[in-house]
Amino acid sequence: MKAMNDRQYILEMTDIEKQFPGVKALDHAMLKLRPGTVHALMGENGAGKSTLMKCLFGIYKQDSGSIFIDGMETAFSGPKNALDNGVAMVHQELNQVLKRSVMENIWLGRFPKEMGLVSHKKMYEETQKVFDELDIPVNPKTIIGKLSVSQRQMVEIAKAVSYNAKILVLDEPTSSLTHEEVEHLFRIINKLRDRGVAMVYISHKMEEILQISDDVTIMRDGKWIATESAKALTTDKIIQLMVGRDLTERFPPKTNKPGEILLDVKNLTGKYMPSCIDVNFQLRKGEILGVAGLVGSRRTELLETIFGIAHHESGEILKDGKRVVNKNAKDAIKNGFAMLTEERRATGIFGGMSIQFNSVIANIKNYRRGLFLSSSKMREDTAWVIDSMHVKTPSQKTHIKTLSGGNQQKVIIGKWLLTKPDILLLDEPTRGIDVGAKYEIYQLIIDLAQEDKGVIVVSSEMPELLGICDRILVMSNGHLTGIVDAKNTSQEEIMTLAAKYV
């Protein structure tokens, strides 16, 4: 172990380099973290933020560079080694044992014992102690798979606290949270900061960064760009540092013009609760229709019922005036529907497969040549996806899981466009994606609407809905409570409608 001279930092990462086949993910990257502070780590997707944190956590071994904790050079052999030494990470994509209880997930691999046997009583008491301290209203005995995403995220933070973590990494912690849940998370973060915990906060949400952070580090193309006090930064300055240029507008100009009715949803009610209840609305050709609502409002269930992956009890769906029945995803694709799911890694991609596989899989019937598939046609279509969606990748053969979140999302959108859909259902299309990639996806959505396609966008980000949509449909506990004109509404009006049945 080699000692570090500068002890004002609890963590110092210097000259970190990491190379993957065809990609230099980190290029002399650095991060200095002070005790008892929240340090935001920002950059576009692919900037190297998560890779840098995985090097810290022992998931990756850096090719060169040094990591110092408490003044001593450190190299963790893996996540457990990091946790045992007070370094914890709450990942954006939660990795929990969904069929086990909350307390079992927290103490997995280190169950408290009495007389050599696992003590569920002690496990419950220790879990409740942490929950009381952090004001987390969850029963430790609840099966974790029954919790909402936000509750599961709180459990992961509690798990980190149970390790007495002195360094805590939070990767996109608010990507699925409501405003009230974000405020609760910030209260927890402030408690941990007061206790002296140092936190690395990865997020693309500018307003949150400026609200909660003490220091901000910007990365671009695997390199350290700047570290500034949060008080000295503005949203415009952060964007300029992130993308290397001024991004004067957050949203592209609205050039689409809604036309005749494309989709008519009448009295749609899901078969299994919780689901949508007696929902009626119309979608026009060339229209971008937003869907707003709080967590639990059944926005996702509405899209799933339309797409046929959730069954409906009653009601009907008309497309171009004709009744369509989507019994499953295959029917929906045949009927001209496409759906981008909220949980990208869980239900949107085949992580261990290539970009080519992920690009062509929904359109596989079009590549059949007798008993075989046309390799040249698949290569051609994948090249179209990569070029038209501006996907950053070394090759078509690259595993999609190695791409940044924004590039994964672009591949998924390209995959669906190959099926030539008339109606696109997009569930949180920019979740966990940086400001530059968001702009590109907004432009893609507007371009699709310009081609007379109908687009329905579910989003938890109100400015996003107001910025790209023509109208916004508001859901509350499964009910449609109103449809507002995006140009003439306000966040207050939408929130009032969203809270009607809560």
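The values are calculated or read from the model by the stated rules, or taken from the named source; none is laboratory data. Everything numeric here is computed off the predicted structure, so don't read it as measured data. Backbone-built Cβ (ideal geometry, glycine too); neighbour counts: all protein chains shown. Just so you know, the surface numbers come from the protein's heavy atoms only, side chains and all, with ligands and any DNA or RNA stripped out. Shrake-Rupley method; radii C 1.70, N 1.55, O 1.52, S 1.80 Å.
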Restricted to region 448-463, and to residues that are open to solvent by 10 Å² or more (accessible area, probe 1.4 Å) and among the polar types (S, T, N, Q), which residue is modelled with the lowest pLDDT?
Ser460
Which members of region 166-221 meet the condition of being basic (Lys, Arg) and either touching a residue at least 60 places away in the same chain (Cβ under 8 Å) or in a loop (DSSP other than H, G, I, E, B) (or both)?
Lys166, Arg193, Arg195, Lys205, Arg220
Kindly check whether there is at least one residue in region 405-422 that is assigned to a loop (DSSP other than H, G, I, E, B) and under 20 Å from Lys49 (Cβ atoms).
no
Applying the selection to region 102-121, what residues are open to solvent by less than 70 Å² (accessible area, probe 1.4 Å) and not aromatic (Phe, Trp, Tyr)?
Val102, Met103, Glu104, Asn105, Ile106, Gly109, Arg110, Pro112, Gly116, Val118, Ser119
Only one of (1) part of a helix (DSSP H, G or I); (2) touching a residue at least 40 places away in the same chain (Cβ under 8 Å); (3) closer than 27 Å to Tyr60 by Cα; (4) open to solvent by less than 10 Å² (accessible area, probe 1.4 Å) is not met by Glu156, so which one is it?
(4)
Residues located in region 286-316, provided they are buried (at least 23 other Cβ atoms within 10 Å of the Cβ), modelled with pLDDT of 95 or more and not in a helix (DSSP H, G or I)
Glu287, Ile288, Leu289, Gly290, Val291
Residue within region 157-166 that is of a type in the set (A, V, I, L, M, F, W, C) and closer than 26 Å to Val458 by Cβ present
yes
Lone unmet requirement of (1) within 29 Å of Asp331 (Cα to Cα); (2) touching a helix residue (DSSP H, G or I) at 6+ places or on another chain (Cβ under 6 Å); (3) touching a residue at least 60 places away in the same chain (Cβ under 8 Å); (4) of a type in the set (A, V, I, L, M, F, W, C) for Ile446:
(2)
Tell me which of these Asn326 doesn't satisfy, since it passes every other one: (1) polar (S, T, N, Q); (2) open to solvent by 10 Å² or more (accessible area, probe 1.4 Å); (3) in contact with a strand residue (DSSP E or B) (Cβ under 9 Å, 6 or more places away or on another chain); (4) within 19 Å of Ile413 (Cβ to Cβ).
(4)
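So which residues in region 471-502 are part of a loop (DSSP other than H, G, I, E, B), touching a helix residue (DSSP H, G or I) at 6+ places or on another chain (Cβ under 8 Å) and open to solvent by 30 Å² or more (accessible area, probe 1.4 Å), if there are any at all?
none
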Is it the case that region 419-440 has a residue that's open to solvent by less than 20 Å² (accessible area, probe 1.4 Å) and over 24 Å from the mean Cα position of the chain (by Cα)?
yes
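Kindly check whether there is at least one residue in region 329-346 that is on the phi > 0 side of the Ramachandran plot and open to solvent by less than 20 Å² (accessible area, probe 1.4 Å).
Scanning region 329-346, I find at least one residue that is on the phi > 0 side of the Ramachandran plot and open to solvent by less than 20 Å² (accessible area, probe 1.4 Å), so the answer is yes.
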Tabulated pairs, region 39-65, first under 30 Å from Asp236 (Cβ atoms), second part of a helix (DSSP H, G or I) and charged (D, E, K, R), C-beta under 9 angstrom, 6+ apart or interchain:
Ala40/Glu208; Leu41/Lys49; Met42/Lys49; Gly43/Lys49
Any idea how many residues of region 322-374 are more than 25 Å from the chain's Cα centre (by Cα), assigned to a helix (DSSP H, G or I) and of a type in the set (S, T, N, Q)?
2
Specify which of the listed residues (Lys99, Lys54) is assigned to a helix (DSSP H, G or I) and either open to solvent by 30 Å² or more (accessible area, probe 1.4 Å) or under 17 Å from Ile10 (Cα atoms) (or both).
Lys54
Answer with yes or no whether Lys24 is of a type in the set (Lys, Arg), assigned to a strand (DSSP E or B) and buried (at least 20 other Cβ atoms within 10 Å of the Cβ).
no
Any idea which residue in region 70-96 is most open to solvent (accessible area, probe 1.4 Å), counting only those that are assigned to a strand (DSSP E or B) and over 14 Å from Val169 (Cα atoms)?
Met72
Being over 30 Å from Ile16 (Cα atoms), of a type in the set (Val, Ile, Thr), crowded, with 16+ Cβ neighbours inside 10 Å and more than 26 Å from the chain's Cα centre (by Cα), is that true of even one residue in region 249-266?
yes
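Could you look through region 124-152, keep only residues that are polar (S, T, N, Q) and either more than 24 Å from the chain's Cα centre (by Cα) or open to solvent by 40 Å² or more (accessible area, probe 1.4 Å) (or both), and pick out the one that is nearest to Lys99 (Cα to Cα)?
Going through the qualifying residues, I end up with Thr142.
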Please work out which residue is nearest to Ile355 (Cα to Cα), limiting yourself to region 393-404 and to residues that are assigned to a loop (DSSP other than H, G, I, E, B) and open to solvent by less than 30 Å² (accessible area, probe 1.4 Å).
Thr398
